[in-house]
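> One structure, pasted below without further comment.
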Amino acid sequence: MREWWHWSRQLETEELGFAVVGVGRFGTAVCRELLQNGADVLAVDFSERAIEELRQQEPSIEARVVDCTDEDAMREAGVLEMGTVVVGISEPLEASITTTLLAKDSEGSRVRQVIARATSDLHEKMLKRVGADRVVFPSRMQGERLGLELIRPNLIERLELDDQTCIDEIKVPDDFVGCSLRDLNLRKNYLVNVLAAGPAKRLTVNPPATFVLENEHVLVVMGLLDDLQKLPKT
């Protein structure tokens, strides 16, 4: 089961922004997905070459060369001011672990959650011991998916039909609870079509306009990516 954070905590972390430490293939994918969804992103890496390559791919990103094992450098770069830090470093392991510890325990850090990349079960255990809130394996979760989950915390699943059109399964946003589909009129107000709604294991396909959404219900909606991203996130 996926772990979802309390909505108020998620709102705070989004307002504070995201830092991605380590911009290899995984970290770059996280940055790209966050940027595409309008997030405030700071990317850092000890490699000047990696930062330059990222700037060439994403000219608008704020990217800096930083020694992520140096607390003063992390603070000066602004990493410790971000609500969420994604540690995308794979090796050396000491750098990954130290970065996670600094983000969580540095004096005055505003970081609310650290999501760290692991390369082995032992690495995962060590990251959790120094404070990682969540550990991911690139083989199990690609960077694009992680970026999407961070910016859309109520997204359960997404099926991409083409470059512009998707089907999203989402947890019903708080603002929608107690409302009927007629009240919400998602087709008019958000330009998306409702395919199904209800409890996750007992979905009603093509629900009637009188269908009332409840807490813990899910919605399956189809539309253009830009329109789907305008739906409430919590």
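> Looking at Val111 and the list (1) of a type in the set (A, V, I, L, M, F, W, C); (2) within 20 Å of Ala29 (Cα to Cα); (3) assigned to a loop (DSSP other than H, G, I, E, B), which single condition is not satisfied?
(2)
> Could you list all residues from region 208-234 that are in a loop (DSSP other than H, G, I, E, B) and either of a type in the set (A, V, I, L, M) or within 11 Å of Phe176 (Cβ to Cβ) (or both)?
The answer is Ala209, Leu213, Glu214, Asn215, His217, Leu231, Pro232, Thr234.
> Moving to a separate point now. Does Ala63 qualify as being closer than 22 Å to Arg134 by Cβ and either of a type in the set (A, V, I, L, M, F, W, C) or crowded, with 16+ Cβ neighbours inside 10 Å (or both)?
Spelling it out, it is not the case that Ala63 is closer than 22 Å to Arg134 by Cβ and either of a type in the set (A, V, I, L, M, F, W, C) or crowded, with 16+ Cβ neighbours inside 10 Å (or both).
> Let me ask something else. Going through region 75-107 one residue at a time, which ones are among the charged types (D, E, K, R) and farther than 15 Å from Asp133 by Cβ?
Passing the criteria: Arg75, Glu76, Glu81, Glu91, Glu94, Glu107.
> In addition: Restricted to region 137-150, and to residues that are under 12 Å from the mean Cα position of the chain (by Cα) and at pLDDT 70 or above, which residue is surrounded by the fewest Cβ atoms within 10 Å (Cβ to Cβ)?
Arg145
> Follow-up question, since we're still on this one. Quick check on Val30: is it at pLDDT 95 or above and within 30 Å of Pro173 (Cα to Cα)?
no
> Hey, another quick one. Select, from Val221, Val177, Val212, the only residue that is aliphatic (A, V, I, L, M) and under 21 Å from the mean Cα position of the chain (by Cα).
Among Val221, Val177, Val212, only Val221 is aliphatic (A, V, I, L, M) and under 21 Å from the mean Cα position of the chain (by Cα).
> Consider region 197-207. How many of its residues are buried (at least 17 other Cβ atoms within 10 Å of the Cβ) and assigned to a strand (DSSP E or B)?
Count: 2.
> With respect to Glu214, determine if the residue is of a type in the set (Asp, Glu), closer than 30 Å to Val20 by Cβ and in contact (Cβ under 8 Å) with a residue 12 or more places away in the chain.
no
One line per residue, one yes/no per condition, for (1) at pLDDT below 95; (2) outside any loop (DSSP other than H, G, I, E, B); (3) more than 15 Å from Ala118 (Cβ to Cβ); (4) among the basic types (Lys, Arg):
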{"position": "Ala63", "(1), (2), (3), (4)": "no, yes, yes, no"}
{"position": "Thr69", "(1), (2), (3), (4)": "yes, no, yes, no"}
{"position": "Ser90", "(1), (2), (3), (4)": "yes, no, no, no"}
{"position": "Glu94", "(1), (2), (3), (4)": "yes, yes, no, no"}
{"position": "Glu107", "(1), (2), (3), (4)": "yes, no, yes, no"}
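> Shifting gears a bit: Taking Leu191, is it in contact with a helix residue (DSSP H, G or I) (Cβ under 7 Å, 6 or more places away or on another chain) and assigned to a loop (DSSP other than H, G, I, E, B)?
Answer is yes for this residue.
> Another question, then. Might you let me know whether region 151-167 holds any residue that is crowded, with 17+ Cβ neighbours inside 10 Å and modelled with pLDDT of 90 or more?
no
> While we're here: What about Gly83, is it modelled with pLDDT of 90 or more and touching a Gly at 6+ places or on another chain (Cβ under 7 Å)?
Criteria met by Gly83.
> What is the one condition in (1) over 30 Å from Leu195 (Cα atoms); (2) within 19 Å of the chain's Cα centre (by Cα) that Leu122 does not satisfy?
Condition (2) is where Leu122 drops out.
> Related question: Confirm whether Ala118 is free of Cβ contacts under 8 Å to residues at least 12 places away in the same chain, assigned by TED's automatic domain parsing to the domain that holds Val20, in contact with an Asp or Glu (Cβ under 7 Å, 6 or more places away or on another chain) and among the small types (Gly, Ala, Ser).
It is false that Ala118 is free of Cβ contacts under 8 Å to residues at least 12 places away in the same chain, assigned by TED's automatic domain parsing to the domain that holds Val20, in contact with an Asp or Glu (Cβ under 7 Å, 6 or more places away or on another chain) and among the small types (Gly, Ala, Ser).
The values are calculated or read from the model by the stated rules, or taken from the named source; none is laboratory data. From a predicted model like this one, the values you see are computed outputs, not experimental measurements. Note: ideal-geometry Cβ built from the backbone for every residue, glycine included; neighbour counts use all protein chains shown.
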